[in-house]
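This report refers to the structure that appears directly beneath it.
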Amino acid sequence: MSDDLRSQLLFTYGTLQHPDVQLDTFGRLLDGDDDALPGYTVDYAEIEDRRVVDLSGLSVHPVVRETGNPLDKVVGRALRVTDEEIEAADEYEVALYRRISVVLASGRRAWVYVGI
């Protein structure tokens with residue numbers, strides 16, 4: 001099976017866009033495209049996981065929350081990832097987030113981490 005058939009999209013709006021975080025989490029820099037997530041807004045959360053804080057260099061990370069308002073949107077990148085890389089992203093994200101499936105402004109379906 002080709003990489004394209006195994007790949008999924010992961011919409012990122014925060015630290016998963018950082019090259020150092022990608023290299024540590026996935027072992028490579030990820031390809032992706034600019035996109036947006038309609039009906040959501042960005043909030044911020046204090047991160048207590050020392051590993052994540054040390055890797056990202058930030059103790060406060062963005063977190064998206066659904067508003068239901070189609071005028072709201074979060075700008076980010078849709079990254080192409082494998083099933084194994086989704087699992088690695090699940091391990092990177094702390095308990096303040098959960099992964100859900102969404103439709104991006106481009107009409108493509110992607111995974112995104114939202115606040116719980």
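Restricting the calculation to alpha carbons of the chain gives Rg and Dmax of 13.6, 40 angstrom. Karplus-based coupling profile of segment 9-17, in residue order and whole Hz: 9, 10, 7, 10, 9, x, 5, 5, 8, with θ = phi - 60° in 6.51 cos²θ - 1.76 cosθ + 1.60 and x standing for Gly or Pro.
How high is the relative contact order of the chain, in percent, with contacts defined as C-alpha pairs under 8 Å that are six or more residues apart? After rounding, I find 36 percent. Remark: segment 98-113, residue by residue, has Karplus-estimated 3J(HN,Hα) of 9, 9, 10, 9, 9, 10, 7, 4, 6, x, 7, 8, 8, 7, 8, 9 Hz, where x stands for each Gly or Pro and the curve is 6.51 cos²θ - 1.76 cosθ + 1.60 at θ = phi - 60°. On full extension, the segment bounded by GLU87 and ASP43 gains 13.4 nm, given 0.36 nm per residue less the C-alpha separation.
Could you work out how much longer the chain between LEU96 and ARG28 gets when fully extended? Use 0.36 nm per residue separation minus the Cα distance between them, nm to one decimal.
22.0 nm
Close amide H pairs (under 5 Å, H built 1.01 Å from N) link LYS73 with GLY39, TYR40, residues at least 5 positions away or on another chain.
No lab work stands behind these numbers, since they all come straight from the coordinates. Predicted model, so just to flag it, every value in this text is computed and none were measured.
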